[in-house]
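Reviewing the structure listed below.
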Amino acid sequence: MELPFAESWKIKMVEPIRKSTREEREQWLREAHYNVFQLRADQVYIDLLTDSGTGAMSDRQWAAMMTGDESYAGARSFFELKDTITRLTGFGFVIPTHQGRAAENVLFSGLVHEGDIVPGNSHFDTTKGHIESRKAIALDCTVDEAKDTQLEVPFKGNVDPAKLEKALAENADRIPFIIVTITNNTAGGQPVSMANLRAVRALADKYGKRVIFDSARFAENAYFIKTREEGYADKTIKEITHEMFDLADAMTMSAKKDGIVNMGGFIATRHEDWYEAAKRFCIPFEGYLTYGGMNGRDMAALAVGLDENTEFDNLQTRIHQVEYLAARLDEFGIPYQRPAGGHAIFIDASKVLTRVPKEEFPAQTLTVELYKEAGIRGCEIGYILADRDPVTRENRFGGLDLLRLAIPRRVYTDNHMDVIAVALKNVFDRRDSITHGVRITWEAELMRHFTVQLEPVE
Ligand code: F0G
């Protein structure tokens, strides 16, 4: 008999979590203005708000914390980090930042100007925010297939080369660079194929443009290339990683995801002029060039995390758990962005709460219902997160309206996945009785989903 699959690690330290009653949760939701970001973490049983900074470090990472070098300038830990990044990506210039959006802020301060157009595949909201706040346009060139959640294709995160070429042909002089997000978080944690990265590179070369990878989940992307794309089955994750980055000029990185640290990020590039452009902004925004907002110990732990998480076994354990949750949802017929993504399952709220009008934010409503049901905190990646159009100030209802269940790395067991699946089934079973959603009572101008205040529509 073939042995069943099991995790490639064992557990050395545990943290208690607590259940609550429905009455408590209803009260807490009212106090949080129906925005789960406003809940206290103690009020949450299983926290799927994000996979960002919520992973469990390994014993080797904790050991590296103890030997971190906290020197202000030229710390050994910086060089450990830089050498690891260079070995994995080939990029020789590295600037640490305190997280991913800080990397965007520092690099884009040098590169993005008013009137620019930055094409890419579903820019993450901070990326879009850093482009739009500079009065530039984030142009989404994702493949149309990503919009059909039930369509089963292997690389749904891809850039549509035709859309990209149109943008380049029409507006080459306004395009400072192309940005490709690997994996494509907003489209459902969907990967981008090597063939697609190569097609983007060819177009960039044709029009004399550079390419940045927003690399928060690059290792998961490499795993999908290995397991889904022809010709990569026998390559190691590290070989695939290097081949991916050979097709880029620079990367911004939120290390809180595939670096498996609680805080951190960086910029890396092969071009000295971009390094110089970023350096100018790193010092006033983040700190001196060899720490850029990070502790020495955190850089040391990140160096180990990057090395460990570009090994197949660790990624296989990770993706297997996400697929396990997906299989449970399949049993109950709950619609999600197919196939399962790398870091999360994205429930298609518009297909679940069909009676809630889009103006009443179905995905946010589903987020609230799941929390009420079992104290599980997901995150709306939908119409609220999409913000308003910067010009018309209208809500943007053009994209998908999803409830994201992001799975922290090495934190929960498959038993927790079972609880999540059954809680969702219970909401799913009473979906027809949910006819009203929520309305906004207060919102910020940009990135409103963190602080938005809502009330139920009666
Ligand atoms: N790029 C992508 C693709 C991301 O998913 C994120 C963060 C960032 C950039 C910004 O990085 O948080 O370190 O500043 N995503 C988190 C999430 C917040 O929940 O998906 P950061």
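Once the stretch 23-39 is narrowed to residues that are open to solvent by less than 30 Å² (accessible area, probe 1.4 Å) and away from the ligand (no atom under 16 Å from the Cβ), the residue that is nearest to PHE124 (Cα to Cα) is ALA32.
Of the residues making up the stretch 409-456, those that are part of a loop (DSSP other than H, G, I, E, B) and touching a Ser or Thr at 6+ places or on another chain (Cβ under 9 Å) number 11. Looking across the stretch 145-170 at every residue that is in a helix (DSSP H, G or I) and of a type in the set (D, E, K, R), the one that is nearest to GLY382 (Cα to Cα) is identified as LYS147.
In the stretch 381-406, what count of residues is obtained for those that are part of a loop (DSSP other than H, G, I, E, B) and either more than 15 Å from THR365 (Cα to Cα) or charged (D, E, K, R) (or both)?
Going through the stretch 381-406, the residues part of a loop (DSSP other than H, G, I, E, B) turn out to be 382-387, 389-394, 396-401.
Of the ones still in play, those that are also either more than 15 Å from THR365 (Cα to Cα) or charged (D, E, K, R) (or both) are 386-387, 389-394, 396-399, 401.
Total meeting the criteria: 13.
Say we look at the stretch 319-334 and pick out the residues that are open to solvent by less than 10 Å² (accessible area, probe 1.4 Å) and away from the ligand (no atom under 15 Å from the Cβ); which of these is farthest from PRO4 (Cα to Cα)? Checked the stretch 319-334; the qualifying residue farthest from PRO4 (Cα to Cα) is ILE334. Of the candidates GLN337, GLN316, the single residue that is open to solvent by less than 10 Å² (accessible area, probe 1.4 Å) and of a type in the set (S, T, N, Q) is GLN337.
Beta carbons closer than 7 Å, at least 6 apart along the sequence or on distinct chains, pair a first residue in the stretch 113-141 that is under 15 Å from GLU170 (Cα atoms) with a second that is aromatic (Phe, Trp, Tyr) for VAL118/PHE177.
Could you grab me the full set of residues in the stretch 171-202 that are in a loop (DSSP other than H, G, I, E, B) and aliphatic (A, V, I, L, M)? Walk me through how you get there before you give the answer.
Keep residues of the stretch 171-202 that are in a loop (DSSP other than H, G, I, E, B), which gives 175-177, 182-183, 185-189, 191-193.
Hits for the stretch 171-202 are ILE175, ILE182, ALA187, VAL192.
In this structure, GLY341 qualifies as at pLDDT below 95 and within 23 Å of the chain's Cα centre (by Cα).
With respect to the stated conditions, LEU107 fails to be in contact (Cβ under 8 Å) with a residue 12 or more places away in the chain and away from the ligand (no atom under 15 Å from the Cβ).
Filtering ASP59, ASP83, ASP51, ASP42 for residues that are within 16 Å of the ligand (Cβ to nearest atom), closer than 26 Å to ARG410 by Cβ and modelled with pLDDT of 95 or more leaves a single hit, ASP51.
The set of residues in the stretch 106-129 that are out of contact with any strand residue (DSSP E or B) (no Cβ under 7 Å at 6 or more places or on another chain) and crowded, with 24+ Cβ neighbours inside 10 Å contains only PHE108. Of the residues making up the stretch 1-45, those that are within 23 Å of the chain's Cα centre (by Cα) and not in a loop (DSSP other than H, G, I, E, B) number 4.
Annotation: ARG101 fulfils all but one of (1) open to solvent by less than 60 Å² (accessible area, probe 1.4 Å); (2) within 16 Å of the ligand (Cβ to nearest atom); (3) of a type outside the set (Asp, Glu); the unmet one is (1).
So is ALA6 in contact (Cβ under 8 Å) with a residue 24 or more places away in the chain, over 22 Å from ALA406 (Cβ atoms) and open to solvent by 20 Å² or more (accessible area, probe 1.4 Å) or not? Criteria not met by ALA6.
Under the condition of being in contact (Cβ under 8 Å) with a residue 24 or more places away in the chain, open to solvent by 10 Å² or more (accessible area, probe 1.4 Å) and among the hydroxyl-bearing types (Ser, Thr, Tyr), the residues counted in the stretch 366-413 number 2. Answer with yes or no whether VAL422 is within 24 Å of the chain's Cα centre (by Cα), open to solvent by 50 Å² or more (accessible area, probe 1.4 Å) and farther than 29 Å from GLY129 by Cα. Against the criterion (within 24 Å of the chain's Cα centre (by Cα), open to solvent by 50 Å² or more (accessible area, probe 1.4 Å) and farther than 29 Å from GLY129 by Cα), VAL422 does not qualify. Across the stretch 170-180, the qualifying residues are those that are touching a residue at least 12 places away in the same chain (Cβ under 8 Å) and open to solvent by 10 Å² or more (accessible area, probe 1.4 Å), and the one among them that is nearest to the ligand (Cβ to nearest atom) is PRO176.
The criterion of at least 1 residues that are touching an Asp or Glu at 6+ places or on another chain (Cβ under 7 Å) and either open to solvent by 50 Å² or more (accessible area, probe 1.4 Å) or of a type in the set (A, V, I, L, M) (or both) is met, among strands (runs of 3 or more DSSP E) falling completely within the stretch 211-312, by 211-214.
The values are calculated or read from the model by the stated rules, or taken from the named source; none is laboratory data. As the structure is a computational prediction, the values presented were derived from the model and not from experiment. A quick note on method: Cβ atoms are made from the backbone with ideal geometry, for glycine too, and the neighbour counts reach across all protein chains shown. SASA here: full protein model, heavy atoms, side chains in, ligands and nucleic acids out. Shrake-Rupley method; radii C 1.70, N 1.55, O 1.52, S 1.80 Å.
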